[in-house]
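The values are calculated or read from the model by the stated rules, or taken from the named source; none is laboratory data. As the structure is a computational prediction, the values presented were derived from the model and not from experiment. All Cβ positions, even for glycine, are placed from backbone atoms using ideal geometry, and neighbour counts span all protein chains on display.
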């Protein structure tokens with residue numbers, strides 16, 4: 001789930017989410033607009049605050065392909 005959608009579904013402002021994550025409101029906005037990727041520490045906080053509903057892969061706009069669904073030994 002995208003961070004923006006999670007934030008909206010939990011009725012949080014960017015400022016409120018920023019306080020939960022101990023980052024700036026500006027950083028939250030940049031993450032939501034895909035202008036910046038969270039650091040490893042911030043990503044861990046995002047996972048914790050969202051109870052795992054927002055994960056690292058949610059920050060990459062990569063569509064799954066049929067080939068990626070197959071694991072090659």
* To do: Assess whether residue 43 counts as being touching a helix residue (DSSP H, G or I) at 6+ places or on another chain (Cβ under 9 Å) and modelled with pLDDT under 95.
  => no
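Per-residue answers, yes or no, for (1) more than 19 Å from residue 61 (Cα to Cα); (2) in contact (Cβ under 8 Å) with a residue 12 or more places away in the chain:
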{"site": "1", "(1), (2)": "no, yes"}
{"site": "4", "(1), (2)": "no, yes"}
{"site": "9", "(1), (2)": "yes, no"}
{"site": "18", "(1), (2)": "yes, no"}
{"site": "26", "(1), (2)": "yes, no"}
{"site": "29", "(1), (2)": "no, yes"}
{"site": "35", "(1), (2)": "no, no"}
{"site": "41", "(1), (2)": "yes, no"}
{"site": "44", "(1), (2)": "yes, no"}
* Exactly one condition in (1) over 11 Å from the mean Cα position of the chain (by Cα); (2) at pLDDT 95 or above; (3) loosely packed, with under 15 Cβ neighbours inside 10 Å; (4) part of a helix (DSSP H, G or I) is not met by residue 68; state its number. => (2)
* Asked: Within the range 46-65, can you find the residues that are in a loop (DSSP other than H, G, I, E, B) and at pLDDT 90 or above?
  -> 50, 51, 52, 53, 54, 55
* Structure fact -> Selection over the range 6-39 where residues are touching a helix residue (DSSP H, G or I) at 6+ places or on another chain (Cβ under 9 Å) and part of a helix (DSSP H, G or I) yields a count of 17
